[in-house]
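Notes follow the structure.
The values are calculated or read from the model by the stated rules, or taken from the named source; none is laboratory data. Keep in mind that what you see is a predicted model, and the values were worked out from it rather than measured. So basically every Cβ, Gly included, is an ideal-geometry build from the backbone, and we count neighbours across all protein chains shown. The accessibility values were calculated without ligands, DNA or RNA, using every heavy atom of the protein model including side chains. Shrake-Rupley method; radii C 1.70, N 1.55, O 1.52, S 1.80 Å.
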Amino acid sequence: MMLSLAPLAPASAAPLKTPPVPTVNGMTKVGYTLTAVPGTWGPAPVTLKYQWKANGVVIVGATAATYKLAATQAGKALTVTVTGTKTGYTTAAKTSTPTAAIAAGSLGPAPVPTITGMTKVGYTLTAVPGTWGPAPVTLKYQWKANGVVIVGATAATYKLAAAQAGKALTVTVTATKTGYTTAAKTSAGTAAVTPAGPGVDVSWPQCGKPLPKGQSFAIIGVNNGLANNTNSCLATQLSWAATSTGGTGQPLVALYVNTGNPGTAGSWWPTSNTYAGKTVANPYGQCTKGSVGSACSYMYGYAKAYDDATIRGVKNPASYTWWLDVETENSWSTNKAANRADLEGMAAYFASIGAKTGLYSTGYQWAQVVGAVPSTSNLYAQRSWLAGGSSLQNASSMCSAAPLTGGGKVTMTQYISGGFDYNKSCI
């Protein structure tokens, strides 16, 4: 008799002991770490795995018992699912109750910024923000003068303008980072800002000599004492002038040129209305050979200005203000109208290239060389740079003196100190 053996039914996996619901410990704030408390699973040993979720969505890679809250979790509630496994037992999983919504993190430390730099008009202040964290943090700046916002002053540096003279400056640094609360800190106030210093003018007599430092603006002589030659130190002095700090109404760098009206006694004198291949529109008519009147004087001035702008080594001449230096020690005609025409020719050429001009002299010397200027002249409304000041105080008072021409304005005055020509800006 044969017995048939029926197949045995597979044994069922035993369930794990009723798994506990995990809890979450830790501050629910960006930058802090949460810890899953899984409870006691059994029968021991049980392998536990973790998965963190934000608003029910799996956080990729967040599979440890701890999780450091990232900025992307701000405003969300987190849960952790604990999964227990053991050979021969049914896998089980339990999920914690959601945390409170994650609060934005705090940036810190939030250092108080400091300010470095000379507190003088024309100089640049720099904000030193300190170290904000956790990096990276975006920093923004706002400068204030006596507590009032300086419009547009939102960089880490600020060049002090004339309007800040006498005021204390502060800078507010505002830090932002996604998932973190915006924070701001304000520096202590600086000392009161002092006004800009004077400008300096130099030319060939200062070749090879140490030049002043920290000038607010500079005016460089293009010629070597006469209208028909070149300052051999022009390039070097222009480089020095570029270090001017600013802070006044004057351009950082301007130029001045010698003038004169020598007539046929000079090394060159025009014989027509043509110069450098161009026929010039001459308001005084035709210049002819041997004539020393207004027509040829106009052409002489035009030609000297052309040379100053094109052959003296000045790059981009249209970008400068050109001062016409009128002094009695240069060669002039006894005909004041011709001398005026000479200067008008210079002003006309500079205007033709888009450059600005002005007149330098004393009231006395101007009266001797040119005299009264009619309102029809292109010199009438020129700005005046007055020479002859004995001190800064005296030069300051000269700002209210009469200009060289009836329609002009005194914008600068000169005085001598320590062997150099200094200049007070009147604007």
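Provide a single number: the residues in region 206-224 that are more than 25 Å from the chain's Cα centre (by Cα) and surrounded by fewer than 18 Cβ atoms within 10 Å (Cβ to Cβ). Let's see the steps before the verdict.
The initial filter retains those residues of region 206-224 that are more than 25 Å from the chain's Cα centre (by Cα), namely 206-211, 221-224.
Keeping just the survivors that are surrounded by fewer than 18 Cβ atoms within 10 Å (Cβ to Cβ) gives 207-211.
The qualifying residues number 5.
Among the residues making up region 343-369, those that are outside any helix (DSSP H, G or I), of a type outside the set (A, V, I, L, M) and under 20 Å from Ala402 (Cα atoms) are Thr357, Gly358, Tyr360, Ser361, Thr362. Every test in (1) at pLDDT below 95; (2) within 60 Å of the chain's Cα centre (by Cα) is passed by Met2 save one, and that test is (2). Considering only region 402-411, state which residues are buried (at least 16 other Cβ atoms within 10 Å of the Cβ) and either assigned to a loop (DSSP other than H, G, I, E, B) or out of contact with any helix residue (DSSP H, G or I) (no Cβ under 8 Å at 6 or more places or on another chain) (or both). Pro403, Leu404, Thr405, Gly408, Thr411, listed by residue number.
I'm checking my understanding of the structure. Among residues of region 28-52 that are among the aromatic types (Phe, Trp, Tyr) and in contact with a Phe, Trp or Tyr (Cβ under 9 Å, 6 or more places away or on another chain), which one is surrounded by the most Cβ atoms within 10 Å (Cβ to Cβ)? Before you say what the answer is, go through the steps one by one.
First, the residues of region 28-52 that are among the aromatic types (Phe, Trp, Tyr): 32, 41, 50, 52.
From what is left, the residues that are in contact with a Phe, Trp or Tyr (Cβ under 9 Å, 6 or more places away or on another chain) are 50, 52.
Numbers: Tyr50: 17, Trp52: 24.
Checking each candidate, the answer is Trp52.
Among the residues of region 124-165, those that are among the hydroxyl-bearing types (Ser, Thr, Tyr) and touching a strand residue (DSSP E or B) at 6+ places or on another chain (Cβ under 6 Å) comprise Thr124, Thr126, Thr138, Tyr141, Thr154, Thr157, Tyr158.
Assessment of region 304-312 against the conditions (open to solvent by 20 Å² or more (accessible area, probe 1.4 Å), at pLDDT 95 or above, among the basic types (Lys, Arg) and in contact with a strand residue (DSSP E or B) (Cβ under 9 Å, 6 or more places away or on another chain)) yields at least one matching residue. So which residues in region 59-90 are in a loop (DSSP other than H, G, I, E, B) and more than 44 Å from the chain's Cα centre (by Cα), if there are any at all? Correct list: Ile59, Val60, Gly61, Ala62, Thr63, Ala64, Ala65, Ala77, Lys86, Thr87, Gly88. The C-beta contact set for region 131-149 (first residue small (Gly, Ala, Ser) and open to solvent by less than 60 Å² (accessible area, probe 1.4 Å), second residue modelled with pLDDT of 95 or more and part of a loop (DSSP other than H, G, I, E, B), distance under 6 angstrom, 6+ apart or interchain) comprises Ala145/Lys167.
Close contacts from region 309-328, counting a first residue that is touching a residue at least 40 places away in the same chain (Cβ under 8 Å) and a second that is open to solvent by 70 Å² or more (accessible area, probe 1.4 Å), with Cβ to Cβ under 7 Å and a gap of 6+ residues or different chains, come to Gly313/Ala235; Thr321/Lys356; Thr328/Gln368.
Only residues that are hydroxyl-bearing (Ser, Thr, Tyr) and open to solvent by less than 60 Å² (accessible area, probe 1.4 Å) were counted across region 53-103, and they come to 7.
For region 104-130, the tally of residues that are assigned to a strand (DSSP E or B) and either crowded, with 17+ Cβ neighbours inside 10 Å or of a type in the set (A, V, I, L, M) (or both) stands at 6.
Within region 236-254, does at least one residue satisfy the condition of being closer than 23 Å to Glu329 by Cα and surrounded by fewer than 22 Cβ atoms within 10 Å (Cβ to Cβ)? No, region 236-254 contains no residue that is closer than 23 Å to Glu329 by Cα and surrounded by fewer than 22 Cβ atoms within 10 Å (Cβ to Cβ).
Taking the conditions exactly as written (more than 56 Å from the chain's Cα centre (by Cα), outside any loop (DSSP other than H, G, I, E, B) and in contact (Cβ under 8 Å) with a residue 12 or more places away in the chain), does Ala93 satisfy them or not? Yes, satisfied.
Within region 387-401, track down each residue that is closer than 14 Å to Ser361 by Cα and either small (Gly, Ala, Ser) or loosely packed, with under 13 Cβ neighbours inside 10 Å (or both). Within region 387-401, Ala387, Gly388, Gly389, Ala395, Ala401 meet the criteria.
Picking from residues in region 190-205 that are touching a residue at least 24 places away in the same chain (Cβ under 8 Å) and more than 20 Å from Leu392 (Cβ to Cβ), the one that is surrounded by the fewest Cβ atoms within 10 Å (Cβ to Cβ) is Ala191. Does region 370-384 contain any residue that is open to solvent by less than 50 Å² (accessible area, probe 1.4 Å), not in a loop (DSSP other than H, G, I, E, B) and not β-branched (Val, Ile, Thr)? The answer is yes, given that some residue of region 370-384 is open to solvent by less than 50 Å² (accessible area, probe 1.4 Å), not in a loop (DSSP other than H, G, I, E, B) and not β-branched (Val, Ile, Thr). Residues in region 206-222: is at least one over 21 Å from Gly388 (Cβ atoms) and of a type in the set (S, T, N, Q)? No, because not a single residue in region 206-222 is over 21 Å from Gly388 (Cβ atoms) and of a type in the set (S, T, N, Q).
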